[in-house]
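Novice: Could you have a look at this structure, given as structure tokens, before my questions?
The values are calculated or read from the model by the stated rules, or taken from the named source; none is laboratory data. Just so it is clear, the model here is predicted, and its values are computed rather than measured. Methodologically, a virtual Cβ is constructed for each residue, glycine included, from the backbone with ideal geometry; neighbour enumeration extends over all protein chains shown.
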Amino acid sequence: ADQAGITATKIMQLFQKPFNEQGNEIVTSVSIGIATFPTSGVTADELYKNADVAMYKAKDLGRNNYEYFSKKFGKQFQRRLVIENSMRSKQLRNELFVVYQPIVEMATKRIIGAEALLRWRHPEEGLIPPAEFIPIAESIGSIIEIGKWVLQSVYKQIEEWRYVTCDTDFYITVNLSPSQLLDDQTIQQIIQTRSQSKVQMLINLELTESAIIGSLEDIGSKLKFLVNHEFKILVDDFGTGASSLNRLAELPVDVLKIDRSFISGLPENEKHRKIVTSILALAEHLHLDVIAEGVEEKDEYQYLMKQGCKKAQGFYFYKPLLPSKFIQLLRKQSLCDASKQ
């Protein structure tokens, strides 16, 4: 067992060495699961399965970790199997739903848009966190179909909202996974769904920073194609990935979303202050908009205002809302706007 751990450490060290790809420095990470004979299994299939279970546990611990299989992981593995099997079920679409978290203008707290967020209420497991089921959907290839369903649901929803807000700049952001971005059929469906919609409300597309790490030619051409069809591109969780400034400057990105992990603890956390002010300065230099994510406290809000951040979302303003609750907010805001005229 000790030798397995030593070998795993050596493998992780090899992966930690950065390498260059088209002038960009790429840093990788690795998660390793270890199953030993006979304590973790007596057949090759059993050992392989249990090493796989241990690997997922290592992933949960964060980047660059290894983990030995333990019987206590069994329940977690069984839950993963339930999630995988349920994702392949025809009933999945009846269990998925979309909520909307308002995006506000900081100075007035006026709602200027919303992020569409996917949720899953499983009949047996209850509400399954997106952080748990989205990676599984990616790994088994279900994310493409799920993404199509989300996009169709959002367009159907905004057709019901078209008379509620008169704000022509109001927008909804929809998350795209790396798999969706590189899938030609998904890109065509995005364009087609928009062209068939009766509503001209803006739909923006949100990508994680990790999604823009890859072939600059492939990703750049896809993003430029979407931008040419009047979609705006947002980079989510900015500051957590390994994208270079050169790459960011070359891609047709419109908005940076500061990751919630850097907002937490403001203004006391010095490291977070430096990161946030650096991102705001970078965005200004590149003529990009910024949205601060995960604003939960008044102190965070006030600090961001002083630093010139103009847009935000988070529990300090609103939690993610069901469509019926969200439309109530829009109606209330529209009535307030009308009374001021």
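Novice: Of the residues Gln180, Gln200, Gln196, which is more than 21 Å from His287 (Cα to Cα) and modelled with pLDDT of 85 or more? Lay out the reasoning, then the answer.
Specialist: Values: Gln200 fails: modelled with pLDDT of 85 or more; Gln196 fails: modelled with pLDDT of 85 or more.
Just one listed residue meets the conditions, Gln180.
Novice: Can I ask one more? Filter region 98-146 for residues that are in a strand (DSSP E or B) and among the acidic types (Asp, Glu); which is surrounded by the fewest Cβ atoms within 10 Å (Cβ to Cβ)?
Specialist: We begin by selecting, within region 98-146, every residue in a strand (DSSP E or B); these are 98-105, 110-122, 126-128.
Right, trim to among the acidic types (Asp, Glu) and you get 105, 115.
On the way: Glu105: 13, Glu115: 23.
The residue in question is Glu105.
Novice: Looking only at residues that are basic (Lys, Arg) and touching a residue at least 12 places away in the same chain (Cβ under 8 Å) in region 147-178, which one is surrounded by the fewest Cβ atoms within 10 Å (Cβ to Cβ)? Working first, answer last.
Specialist: Filtering region 147-178 for residues basic (Lys, Arg) gives 148, 156, 162.
Then drop every residue that is not touching a residue at least 12 places away in the same chain (Cβ under 8 Å), which leaves 148, 162.
Numbers: Lys148: 17, Arg162: 12.
Only one residue fits best here, namely Arg162.
Novice: Would region 27-34 turn up any residue that is of a type outside the set (Val, Ile, Thr), assigned to a helix (DSSP H, G or I) and at pLDDT below 90?
Specialist: Taking region 27-34 and keeping what is of a type outside the set (Val, Ile, Thr), we get 29, 31, 33.
Right, trim to assigned to a helix (DSSP H, G or I) and you get none.
Scanning region 27-34, I find no residue that is of a type outside the set (Val, Ile, Thr), assigned to a helix (DSSP H, G or I) and at pLDDT below 90, so the answer is no.
Novice: Given the residues Glu84, Glu95, Glu25, Glu46, which is the only one that is without any contact (Cβ under 8 Å) to a residue 24 or more places away in the chain and surrounded by 10 or more Cβ atoms within 10 Å (Cβ to Cβ)? So that I can check it myself, show each step before the final result.
Specialist: Working: Glu84 fails: without any contact (Cβ under 8 Å) to a residue 24 or more places away in the chain; Glu95 fails: without any contact (Cβ under 8 Å) to a residue 24 or more places away in the chain; Glu25 fails: without any contact (Cβ under 8 Å) to a residue 24 or more places away in the chain.
Going through Glu84, Glu95, Glu25, Glu46 in turn, just one is without any contact (Cβ under 8 Å) to a residue 24 or more places away in the chain and surrounded by 10 or more Cβ atoms within 10 Å (Cβ to Cβ): Glu46.
Novice: Another question, if that's okay. Just one of the numbered conditions (1) assigned to a helix (DSSP H, G or I); (2) under 20 Å from the mean Cα position of the chain (by Cα) is not true of Val174; which one?
Specialist: (1)
Novice: On to the next question. Among all residue pairs at least 6 apart or on different chains, which show Cβ distances below 7 Å where the first residue, located in region 50-61, is within 16 Å of Lys75 (Cβ to Cβ) and the second is crowded, with 20+ Cβ neighbours inside 10 Å and hydroxyl-bearing (Ser, Thr, Tyr)?
Specialist: Asn50/Ser40; Ala54/Tyr68
Novice: Only one of Glu105, Glu115 is at pLDDT 95 or above and either under 30 Å from Ala58 (Cα atoms) or in contact with an Asp or Glu (Cβ under 9 Å, 6 or more places away or on another chain) (or both). Can you tell me which? Reasoning before the result, please.
Specialist: Details: Glu105 fails: either under 30 Å from Ala58 (Cα atoms) or in contact with an Asp or Glu (Cβ under 9 Å, 6 or more places away or on another chain) (or both).
Being at pLDDT 95 or above and either under 30 Å from Ala58 (Cα atoms) or in contact with an Asp or Glu (Cβ under 9 Å, 6 or more places away or on another chain) (or both) holds for just one of Glu105, Glu115, which is Glu115.
Let's see how each residue does on (1) at pLDDT below 95; (2) over 30 Å from Val98 (Cα atoms); (3) acidic (Asp, Glu); (4) in contact with a Pro (Cβ under 6 Å, 6 or more places away or on another chain):
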| site | (1), (2), (3), (4) |
| --- | --- |
| Ser243 | yes, no, no, no |
| Glu250 | yes, yes, yes, no |
| Val253 | yes, no, no, no |
| Ala292 | no, no, no, no |
| Tyr301 | no, no, no, no |
| Phe315 | no, no, no, no |
| Pro320 | no, no, no, no |
| Gln333 | yes, no, no, no |
| Cys336 | yes, no, no, no |
